[in-house]
Amino acid sequence: MANILMFDSGMGGLSVYREVRRVLPAHHYFYCFDNAHFPYGELSEQALIDTCVATVEQMVNAHAIDLVVIACNTASTIALPELRSRLCIPVVGVVPAIKPAATLTHSGCIGLLATPGTIARDYTHQLIAEFAPGKQVLLKGSTELVVLAERKLAGEEIDLETLRGIMAPWTEGSGCPDVVVLGCTHFPLLREELAAVMPGVTLIDSGSAVARRVAHLLGDSAQIESQGTGVAFCTRLDAAAEKLKAPLVNWGLTSLHAV
Ligand code: DGL
């Protein structure tokens, strides 16, 4: 059985972890979130690379990790080359699902909903140029949505009117997207609410594609039948993090520790 590290700034990576663990339930999962530097979408590129590399390296060395999933689009757009050059284990990243969106759209208008950091990256613009030529791609970077997803995970009710207001430019008038890419791993956690305020719009994310990639890299180990384990780690074990202990148990992460 493999030790798999899933890494994000906060709770968003749980949307990827859920898909990977569903496909590969027998492995040992270490869900690590860098809450000391949350939100990643507002960090400078160098600060983001530095904190990702330091935290992931520490986790890999301390827990004999076999494979890392950077379950964060914002980090994946910038930190993967440095991580891969330093680690001698597979590092899987998350790419916004622009390619499938370009196939699914009927109107030719796609929305990319991500963090301000992801929206600003050259990487994202290259992805659009390569995989959605001839399509109109609307871009929206929102840290407010990331914070709402964190609140939902902590057990708070989400106000649909707030969400409706954030998404209004894509739901009112003409030229609205018919496919929206959830290009931040926090956003699938708000899928039901987003679907309620954007009726008729197809919402897609990359969770199942990441799970397929991990299964491919681990080969036959996908067939192991024993039950795996899950534990969580954070970079700042404060009162707010302590409150996440109970919700994390519901995700199969039985304890929370400081990195
Ligand atoms: N979950 C992250 C992503 O996929 C980052 C959110 C944040 O910390 O801003 O982009």
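The values are calculated or read from the model by the stated rules, or taken from the named source; none is laboratory data. As the structure is a prediction and not an experimental result, all values here were calculated from the model. Methodologically, a virtual Cβ is constructed for each residue, glycine included, from the backbone with ideal geometry; neighbour enumeration extends over all protein chains shown. The accessibility values were calculated without ligands, DNA or RNA, using every heavy atom of the protein model including side chains. Shrake-Rupley method; radii C 1.70, N 1.55, O 1.52, S 1.80 Å.
Some observations on this one:
- Of the residues G219, G200, the single one that is outside any helix (DSSP H, G or I) and of a type outside the set (A, V, I, L, M) is G200.
Every residue, every condition in (1) free of Cβ contacts under 8 Å to residues at least 12 places away in the same chain; (2) in contact with a Phe, Trp or Tyr (Cβ under 7 Å, 6 or more places away or on another chain); (3) more than 8 Å from the ligand (Cβ to nearest atom); (4) open to solvent by 10 Å² or more (accessible area, probe 1.4 Å), yes or no:
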residue	(1), (2), (3), (4)
N3	no, yes, yes, yes
G10	no, yes, no, no
R22	no, no, yes, yes
P25	no, no, yes, yes
A36	no, no, yes, yes
Y40	no, no, no, no
Q46	yes, no, yes, yes
C52	no, no, yes, no
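- Boolean, D205 is at pLDDT 95 or above and acidic (D, E): yes
- Screening L203 against (1) out of contact with any strand residue (DSSP E or B) (no Cβ under 6 Å at 6 or more places or on another chain); (2) more than 20 Å from G117 (Cα to Cα) leaves a single unmet condition, (1).
- In the stretch 115-140, the residues that are away from the ligand (no atom under 16 Å from the Cβ) and in contact with a Ser or Thr (Cβ under 8 Å, 6 or more places away or on another chain): K135
- Test result for T143, of a type in the set (V, I, T), away from the ligand (no atom under 14 Å from the Cβ) and open to solvent by 10 Å² or more (accessible area, probe 1.4 Å): no
- The set of residues in the stretch 66-85 that are out of contact with any Asp or Glu (no Cβ under 7 Å at 6 or more places or on another chain) and open to solvent by less than 10 Å² (accessible area, probe 1.4 Å) comprises L67, V68, V69, I70, N73, T74, A75, S76, A79, L83.
- Any chance V214 is open to solvent by less than 60 Å² (accessible area, probe 1.4 Å), under 14 Å from R22 (Cα atoms), among the β-branched types (V, I, T) and at pLDDT 95 or above: yes
- Tally of residues being of a type outside the set (A, V, I, L, M, F, W, C) and within 13 Å of the chain's Cα centre (by Cα) across the stretch 55-112: 6
- The one condition from (1) under 14 Å from F233 (Cβ atoms); (2) in contact with a helix residue (DSSP H, G or I) (Cβ under 6 Å, 6 or more places away or on another chain) that A36 does not meet is (2).
- From G200, G155, G183, residue being under 28 Å from H106 (Cα atoms) and open to solvent by 50 Å² or more (accessible area, probe 1.4 Å): G200
- Each residue in the stretch 245-259 was checked for being open to solvent by 20 Å² or more (accessible area, probe 1.4 Å) and either farther than 17 Å from I4 by Cβ or modelled with pLDDT under 95 (or both), and 6 of them qualify.
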